[in-house]
């Protein structure tokens, strides 16, 4: 029987292709995954996921959104938004009201308890964002923000 070589060790974040020599797209995904996990842990006490936090934030910023608009703004699938909206509604964090003209479309708004929940969640997330930018100068932070926006809007500019 032939002895098989063990599979290569998986590099830790920051090493090999998971480090500075890695593909930018992968590094963005890796960073987003690490940040998502931090947000999930920070909001776990409130029973809120990162996707729910994004939904609450967008509904707060743009009251009266439809599910479809919320999906686009929160960068979520319509199916995910349907589940999130249903769960937030059951928890009493948001309310739906019918569209004035289109009976099937419903607008989403935060309830008083939803606004209070969002406020608690924001405090936690703002601390995480502070930790993200702690080693950056204001100029470097602006450059990172501009670059991330440019990455997100590159295809829209070509269309």
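Would you tally the residues in region 127-147 being over 19 Å from residue 57 (Cα atoms), without any contact (Cβ under 8 Å) to a residue 24 or more places away in the chain and either part of a helix (DSSP H, G or I) or touching a helix residue (DSSP H, G or I) at 6+ places or on another chain (Cβ under 8 Å) (or both)? So the count comes out to 12.
The conditions are (1) farther than 23 Å from residue 154 by Cβ; (2) surrounded by fewer than 16 Cβ atoms within 10 Å (Cβ to Cβ); (3) in contact (Cβ under 8 Å) with a residue 60 or more places away in the chain, and residue 28 fails exactly one of them. Which is it? Condition (1) is where residue 28 drops out. For region 83-97, taking the residues that are at pLDDT 95 or above and loosely packed, with under 15 Cβ neighbours inside 10 Å, the one that is nearest to residue 110 (Cα to Cα) is identified as 92.
Counting the residues of region 41-54 that are under 10 Å from the mean Cα position of the chain (by Cα) and without any contact (Cβ under 8 Å) to a residue 60 or more places away in the chain gives 5. When you look at residue 92, is it over 28 Å from residue 151 (Cα atoms), in a loop (DSSP other than H, G, I, E, B) and without any contact (Cβ under 8 Å) to a residue 60 or more places away in the chain, yes or no? Answer is yes for this residue. Looking for something outside any helix (DSSP H, G or I) and touching a strand residue (DSSP E or B) at 6+ places or on another chain (Cβ under 7 Å) - is there at least one such residue anywhere in region 43-52? Checking region 43-52: not a single residue is outside any helix (DSSP H, G or I) and touching a strand residue (DSSP E or B) at 6+ places or on another chain (Cβ under 7 Å). Is it the case, given these coordinates, that residue 67 is over 12 Å from the mean Cα position of the chain (by Cα), at pLDDT below 95 and buried (at least 17 other Cβ atoms within 10 Å of the Cβ)? Yes, satisfied. Across region 104-126, what is the total count of residues that are exposed (fewer than 12 other Cβ atoms within 10 Å of the Cβ) and in a helix (DSSP H, G or I)? So the answer is 4. The residues in region 55-83 that are touching a residue at least 24 places away in the same chain (Cβ under 8 Å) and closer than 18 Å to residue 116 by Cβ can be counted, and the count is 6.
The values are calculated or read from the model by the stated rules, or taken from the named source; none is laboratory data. These numbers were taken from a predicted model, which means no experiment stands behind them. Cβ atoms come from the backbone with ideal geometry, glycine included; neighbour counts cover every protein chain shown.
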